[in-house]
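What follows draws every value from the coordinates through simple rules; no lab data is involved. Only a predicted model underlies this, so the values are computations on that prediction, with no experimental measurement involved. Virtual Cβ from ideal backbone geometry, glycine too; neighbours counted across all protein chains shown.
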Amino acid sequence: MVAQIVVENLCKAFQVAERRPGMWGAIRGIARRTYRTVRALDGISFSIDAGELVGYIGPNGAGKSTTVKTLAGILVPDSGRCEVRGRVPWKQRLAHVAELGVVFGQRTQLWWDLPVVESFELLRDIYRVPEDRYVRTRDELIAVLDLGALLDVPVRQLSLGQRMRCDLAAALLHAPPIVFLDEPTIGLDAISKLAVRDFIKRLNRENGVTVVLTTHDMDDIETLCTRVMVIGGGKILSDGTLADLRARVTRERWLTIDLADGVTWTDEVDATVIRQEGSRVCLAFDPQVVAPAELIRRVTARYAIRDLFVENPPIETIIARLYAAESLPP
Ligand code: ADP
Ligand code: MG
């Protein structure tokens with residue numbers, strides 16, 4: 001398969017004005033600014049095939065939006081290679097954006113004072129979508145994203161969840177084969193989040209659209225992505241399935257036990273207590289040191305219990321440990 005997106009050793013640095021502490025610092029800063037170099041992208045490489053749904057995660061300031069902006073042709077990198085469907089995004093911008101949909105969760109591409117449907121029509125004209133195709137795509141998006149009641153509402157009157165659904169539609173009116181979604185679920189209520197998540201899934205599975213999804217929400221990642229790239233400090237720290245990511249960080253598994261009334265937990269040599277609340281004890285263990293069945297046998301032989309279950313540590317914990325190992329902020 002030919003990769004649709006190829007990034008090789010991409011670098012982008014920003015010069016940011018140093019802030020000096022205190023008032024004197026501020027005044028001196030006006031007279032003589034000093035600059036510090038931030039390596040937003042410090043040699044990142046990856047390639048993405050058509051039809052993939054890739055999660056792109058990392059702490060704040062990791063370089064996620066810089067990557068998305070470079071892929072979208074909004075930013076020009078300092079060095080390295082970047083091609084999307086054989087084009088260099090910032091050099092062949094018009095042809096590039098015709099095949100691309102981009103959503104930035106933090107800001108809208110809709111016209112604030114216009115009713116939603118008028119923004120859609122402006123986008124139709126900008127992308128020169130033929131009328132019959134426009135009507136078909138628009139009506140499909142209205143149905144799937146449940147936008148019927150929102151079309152005549154000015155964008156500034158929409159709730160965040162409503163606006164995000166309209167923004168998704170706006171980015172897809174020209175039926176691009178690739179979409180970049182930068183934090184599309186940020187700040188959404190639980191129901192809107194599910195709607196957006198469900199939509200992204202259908203877009204990818206049913207329409208075969210390639211999706212790069214930036215998010216802080218690990219449920220987004222777990223329900224949607226077959227592949228996860230973790231970026232930190234401008235470098236790719238991990239790239240693979242969630243199972244690969246887990247395997248890289250820890251083999252640890254958790255055993256949660258509900259003790260019978262009146263039973264007190266003392267200890268178990270091959271496991272460590274990570275949490276204890278009332279009669280519930282949560283243990284971490286390494287299955288290569290003690291097999292789950294053996295650990296359960298020992299525990300049940302020693303304690304009267306009501307219930308127990310074994311699970312993997314949540315993906316949040318895995319990611320937090322990966323950042324900690326790389327000395328990155330959470
Ligand atoms: P993320 O989206 O992962 O939170 P960004 O890609 O937005 O991170 O930012 C990466 C780093 O580059 C941060 O340190 C940020 O402050 C810096 N940065 C991003 N854009 C600019 C800019 N236009 N000017 C100066 N610094 C920037
Ligand atoms: Mg960002």
Item to check | Residue order, fewest to most surrounding Cβ atoms within 10 angstrom, among Lys201, Lys91 | outcome: Lys91, Lys201
Checklist entry - Summing -39500 (n - 2.57) over the DSSP H runs of n ≥ 4 in the chain and dividing by its residue number, what mean residue ellipticity at 222 nm do you reach, to the nearest 500 deg cm²/dmol? => result -10500 deg cm²/dmol
Checklist entry - What's the angle, to the nearest 10 degrees (0 to 90), between helix 22-31's Cα axis and the longest principal axis of the chain? => result 30 degrees
Checklist outcome for this item: The set of residues whose placed amide H lies less than 5 Å from the amide H of Ser238, leaving out same-chain residues fewer than 5 positions away, is Val230
Checklist outcome for this item: Final fewest-first order of Met218, Met229, Met164 on the 10 Å Cβ neighbour count is Met218, Met229, Met164
Item to check | Asn312/Asn60 FRET efficiency (R0 22 Å; Cβ-Cβ; nearest 0.05) | outcome: 0.30
Checklist entry - Mean projection of the alpha-carbon convex hull of region 185-317 over all orientations, in nm²? => result 11.2 nm²
Item to check | Count of lysine pairs in the chain with Cα separation under 20 Å (8 or more residues apart, or interchain) | outcome: 8
Next on the checklist: Using only Cα atoms and rounding to the nearest 10 degrees, what angle (0 to 90) does helix 190-207 make with the longest principal axis of the chain?
Outcome noted: 70 degrees
Checklist entry - Where does helix 315-325 land angle-wise versus the long Cα axis of the chain, in degrees 0 to 90, nearest 10? => result 90 degrees
Item to check | Cα gyration tensor category, rounded, prolate or oblate, for region 51-189 with a/c compared to 1.5 | outcome: oblate
Checklist entry - For region 251-312, what is the relative contact order in percent, using Cα pairs closer than 8 Å and at least 6 residues apart in sequence? => result 50 percent
Item to check | the chain: relative contact order in percent, alpha carbon pairs under 8 Å with at least 6 residues between | outcome: 18 percent
Item to check | Which of Leu194, Leu224 has the fewest Cβ neighbours within 10 Å, and the rest in rising order | outcome: Leu194, Leu224
